[in-house]
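Asker: Below is a structure I'd like to ask you about.
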Amino acid sequence: MKKIFEKKKGYSLIETLIYGLILGVFLLVVVQLFVAVKTSNANSVAFGSLQKNFHQVVSDFNQTVKNAENTTLLPGTPATTLSLNSGTIFYELDEGVLKKTEGGEVWDLTTNEVTVSALSFENLTEATQSAIIKIRMDLESNYLLQGGRRLSETLETSVGLRR
């Protein structure tokens, strides 16, 4: 005799919905984790580019200013350019790039990873003392972060001319 209600093999509608729900939650967690890792990586790259460029500028600036004999920068007067050794060494901002001119040659001190949005130099000393020059830069990363914004920082350091 044949059974009227034979048990069929396969998944019921309820089982399929439960499996789909579990898979959906798992995929949601994986996507959120991926977004968090990507955001963290973008922040690290942007911050690293700011730090790398600032350290590159500071290294050059420290060495050059320590070896300079004089500056035309008046005490207490901030300026957007710096002239050392009677104009043979010159620092300036040109279209978002910090440039150094020495002996007729021009070098970019910052890379295309950042934009220098503001630059100022200031002589922090009295007229009778050996000059202490402060450089202040507003750097903005050229890497886009979440939401289309960019990481930016104001960084500064001071260095004294040799006596």
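The values are calculated or read from the model by the stated rules, or taken from the named source; none is laboratory data. Just so it is clear, the model here is predicted, and its values are computed rather than measured. Cβ: placed from backbone, ideal geometry, glycine included. Neighbour counts: every protein chain shown.
Asker: Tell me which residues, restricted to the range 131-154, are over 22 Å from Thr111 (Cβ atoms), touching a residue at least 40 places away in the same chain (Cβ under 8 Å) and small (Gly, Ala, Ser).
Answerer: Our first condition is that a residue be over 22 Å from Thr111 (Cβ atoms); within the range 131-154, this holds for 131-134, 146-147.
When the remaining residues are screened for being touching a residue at least 40 places away in the same chain (Cβ under 8 Å), the result is 131, 133, 146.
The one that is over 22 Å from Thr111 (Cβ atoms), touching a residue at least 40 places away in the same chain (Cβ under 8 Å) and small (Gly, Ala, Ser): Ala131.
Asker: Further question: Show me the strands (runs of 3 or more DSSP E) entirely contained within the range 51-163 in which 3 or more residues are of a type in the set (Ser, Thr, Tyr).
Answerer: Numbers: elements: 82-84, 89-94, 97-102, 105-108, 114-123, 132-144, 150-160.
Answer list for the range 51-163: 114-123, 150-160.
Asker: Continuing with the same structure: Say we look at the range 139-154 and pick out the residues that are at pLDDT below 90 and of a type in the set (A, V, I, L, M); which of these is surrounded by the fewest Cβ atoms within 10 Å (Cβ to Cβ)?
Answerer: Leu144
Asker: Only residues that are touching a Phe, Trp or Tyr at 6+ places or on another chain (Cβ under 9 Å), over 15 Å from Val57 (Cα atoms) and at pLDDT 90 or above: list them for the range 69-101, please.
Answerer: Once the filter is applied, which keeps residues that are touching a Phe, Trp or Tyr at 6+ places or on another chain (Cβ under 9 Å), over 15 Å from Val57 (Cα atoms) and at pLDDT 90 or above, the range 69-101 yields Pro78, Ala79, Thr80, Ser83, Leu84.
Asker: Next question, about the same structure. Would you confirm whether any residue within the range 105-121 is small (Gly, Ala, Ser) and within 15 Å of Gln56 (Cα to Cα)? Lay out the reasoning, then the answer.
Answerer: Just the residues of the range 105-121 that are small (Gly, Ala, Ser), to begin with: 117-118, 120.
If we keep only those that are within 15 Å of Gln56 (Cα to Cα) as well, we get none.
No; the residues of the range 105-121 include none that is small (Gly, Ala, Ser) and within 15 Å of Gln56 (Cα to Cα).
Asker: Could you give every pair whose Cβ atoms fall below 9 Å, whose first residue belongs to the range 90-115 and is at negative phi, and whose second residue is among the hydrophobic types (A, V, I, L, M, F, W, C) and assigned to a loop (DSSP other than H, G, I, E, B), counting only separations of at least 6 or pairs across chains?
Answerer: Tyr91/Leu109; Val97/Leu109; Leu98/Leu109; Lys99/Leu109; Lys100/Leu109
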